[in-house]
Amino acid sequence: MNLKNVIACARGDLPADILFTNTRIVNVFSGEIIPGSIAVCNGAIVGIGEYRAKAVLNMNGMFAAPGFIDAHVHIESSLTGISQFARAVIPHGTTTVVADPHEIANVLGIPGIQYMLDSSENQPMNIYFTMSSCVPATDMETSGASLGPDDIRSMLNHDRIVGLAEMMNYPGVIFRDETVLSKIEAAHQLHKRVDGHAPGLTGPDLNAYLSAGITSDHECTTLAEATEKLRSGMHIMIREGSGAKNLDTLLPLVNPLTAHRLMWCTDDRNPHDLIGEGHIDSMVRRAIQSGLDPIIAIQMATLHPANYFGLHQLGAIAPGRQADLVFFSDLEHLCAEAVCCRGVAVAQNGKMDAAITPPMELTVPSSMNVRLDSLDFSIPAEGETIRIIEIVPDQIMTGSRMERARIDQGNVVSDISRDILKLAVVERHHQTGNIGKGFVRGFQLKQGAIATSIAHDSHNIIVVGVSDADMRIAVNSVIQMGGGIAVAKDGSCLEKLPLPIGGLMSTEPLEQVETCLNRLIAASRTLGCLLGDPFMTLSFLALPVIPELKLTDKGLVNVLEFKPVSLFPSGL
């Protein structure tokens, strides 16, 4: 930015580059809607009012709001690379995201994070990152990489890394693990935020967690939990993702006295929801339609996350702020009609500007290293009772139950009559041969198997199925693609989606990825599955930091007690 020119334009001594006239400006500082014009020079807003300009655009009375900010997102969950993700969210008014590259970091480590930084250069939006804090999330799984305090410290100096990402290892915090505390201290030393991740944490344990200087949480699933954390000083990121939907539950938390501590985030949103619902705009729209003051809903999408992360050049329409703007005609049913980033028109009427050419997707090394001779999914019976994971609809939390095992020729097998299906996690990073085995209820498969290399957080291959043979077919298909999603039945692969970027992302446009996903979901329906997105649900069953029972390549994990447990409970 040429600061002299900007100041001269602001004063009126030089013409602005562009003047947006006849707008109704949403002032997120005062809470007013003010008629006026917006002058832009060198990508920055230089003034509100009458200005000379090289170009004048009449916005015909549309509202103008700051570009929307997603306070916490895993871009990898869109299943597309950064260029295609940007093209998917910009038309919805999102001009900034704060992304945690946790998924690819667990697969490729520092090179994966560097890939995300490099890929996000020269994008037509602002992409910031938080440094992944828990790689791996726990020692009860095998990840592709491990990031220690020195790795964290080396990356936190990057100007687009604005904090330490979600500290999932809350036991490590409250029981004062030296490595965990060193990572937090590294962020404090650089005066960068430390985001939290503490589902269900309460009382003295929550106090201990907050005493470490952790300042936000996006895992609240009840109003009581969010209220306690807010009262304790946390910033609450209200999440509406594809696997975890918390907006309706937490909306009563929002009022004029609390809103300045609240913001929106999507966390994990798949192609179906990005295309069908939108991005942050969908949360703003729903909140307004549920009765929230539109100004507050917009503040939570703009000023509040900008202030939280210290991005003071963003989040408002005011002199000195970056000219990230979203224009729309209806405040009550907000839908982005034109979007500018850094003063450049980037989208109109739901589509990217044809003149905006996305940077080419970069490549990454192969992340598929599996011992094919280890793919044995049989489970010899060691008792008559088994632990099973129970799916909770629309949540990434799971239940845990004890059930009578179905035993056939000395092995525990799936029981479709009770919707108890075999589940396995195959280690894919270091050829260890590890396979964690368990059972799950909630998929309702009557035949076949589904598998994916997206398995939070270490992203080993996870598969659920009725028969061992189809489970092997599905897993082999994922391996042969170098990562991806597959549906198998009767010894053959019905549908598949290659995800060559770390086994997590495609290089294809979001619309093509969605088309493949639709075919995969249709194929899963033929197997009997009725879940809205069985692959998203499956991907979170390996996440050993979200209660209650999960499965990793090392076996079952009781997340409430943060320890491994046997498939066969003793004494039962």
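The values are calculated or read from the model by the stated rules, or taken from the named source; none is laboratory data. None of these values were measured; they are calculated from a predicted model. Cβ: placed from backbone, ideal geometry, glycine included. Neighbour counts: every protein chain shown.
Given the options R406, R401, R371, name the one that is touching a Gly at 6+ places or on another chain (Cβ under 7 Å) and charged (D, E, K, R).
Only one candidate qualifies: R371.
Within the group M116, M140, which residue is under 27 Å from A244 (Cβ atoms), assigned to a helix (DSSP H, G or I), among the hydrophobic types (A, V, I, L, M, F, W, C) and in contact with a Pro (Cβ under 7 Å, 6 or more places away or on another chain)?
That would be M116, the only listed residue that is under 27 Å from A244 (Cβ atoms), assigned to a helix (DSSP H, G or I), among the hydrophobic types (A, V, I, L, M, F, W, C) and in contact with a Pro (Cβ under 7 Å, 6 or more places away or on another chain).
For region 190-222, give me each residue that is outside any loop (DSSP other than H, G, I, E, B) and free of Cβ contacts under 8 Å to residues at least 12 places away in the same chain.
Within region 190-222, G203, P204, S211 qualify.
Could you tell me whether D217 is under 29 Å from P294 (Cα atoms), surrounded by fewer than 16 Cβ atoms within 10 Å (Cβ to Cβ) and of a type outside the set (A, V, I, L, M)?
In short, no.
Quick check, is G436 modelled with pLDDT of 95 or more, in the same structural domain as P393 (by TED's automatic domain parsing) and surrounded by 24 or more Cβ atoms within 10 Å (Cβ to Cβ)?
So G436 passes the test.
Out of P101, P91, P66, P124, report the one residue that is under 23 Å from S154 (Cα atoms), buried (at least 19 other Cβ atoms within 10 Å of the Cβ), in contact with a strand residue (DSSP E or B) (Cβ under 8 Å, 6 or more places away or on another chain) and not aliphatic (A, V, I, L, M).
None of the others qualify; the one that does is P101.
Can you work out which of the residues in region 127-137 that are in a strand (DSSP E or B) and hydrophobic (A, V, I, L, M, F, W, C) is surrounded by the fewest Cβ atoms within 10 Å (Cβ to Cβ)?
I127
In region 255-301, which residues are surrounded by fewer than 22 Cβ atoms within 10 Å (Cβ to Cβ) and touching a strand residue (DSSP E or B) at 6+ places or on another chain (Cβ under 7 Å)?
Once the filter is applied, which keeps residues that are surrounded by fewer than 22 Cβ atoms within 10 Å (Cβ to Cβ) and touching a strand residue (DSSP E or B) at 6+ places or on another chain (Cβ under 7 Å), region 255-301 yields R261, I295.
In region 229-330, which helices (runs of 4 or more DSSP H) lie fully inside it and hold 3 or more residues that are touching a Ser or Thr at 6+ places or on another chain (Cβ under 8 Å) and closer than 30 Å to N518 by Cβ?
271-276, 280-289
Could you figure out which of (1) surrounded by 20 or more Cβ atoms within 10 Å (Cβ to Cβ); (2) at pLDDT 95 or above isn't true of N169?
Answer for N169: the failing condition is (2).
Here are I454, I462: which of them is closer than 17 Å to D553 by Cβ, in contact (Cβ under 8 Å) with a residue 40 or more places away in the chain, in the same structural domain as L556 (by TED's automatic domain parsing) and not in a strand (DSSP E or B)?
The match here is I454.
For the condition modelled with pLDDT under 95, of a type in the set (D, E, K, R) and farther than 18 Å from G93 by Cβ, what is the one hit in E390, E361?
E361
Can L497 be described as assigned to a loop (DSSP other than H, G, I, E, B) and in contact with a helix residue (DSSP H, G or I) (Cβ under 7 Å, 6 or more places away or on another chain)?
no
Restricted to region 394-418, and to residues that are loosely packed, with under 15 Cβ neighbours inside 10 Å and without any contact (Cβ under 8 Å) to a residue 12 or more places away in the chain, which residue is nearest to R239 (Cα to Cα)?
Here the residue is S417.
May I ask you to list the residues in region 153-166 that are of a type outside the set (A, V, I, L, M) and surrounded by fewer than 22 Cβ atoms within 10 Å (Cβ to Cβ)?
R153, S154, N157, H158, D159, R160
Residues D150, D195: which one is at pLDDT 95 or above and loosely packed, with under 14 Cβ neighbours inside 10 Å?
D150
Test each condition in (1) under 22 Å from V426 (Cβ atoms); (2) surrounded by 12 or more Cβ atoms within 10 Å (Cβ to Cβ); (3) outside the structural domain of V478 (by TED's automatic domain parsing) for R387 and report the one that comes out false.
Failing condition for R387: (3).
Under 6 Å between Cβ atoms, which residue pairs at least 6 apart in sequence (or on different chains) link something in region 466-482 that is at pLDDT 95 or above and surrounded by fewer than 22 Cβ atoms within 10 Å (Cβ to Cβ) with a partner that is outside any helix (DSSP H, G or I) and of a type in the set (F, W, Y)?
Correct list of pairs: D468/F377.
Can A347 be described as of a type in the set (G, A, S), out of contact with any Gly (no Cβ under 7 Å at 6 or more places or on another chain) and at pLDDT below 95?
no
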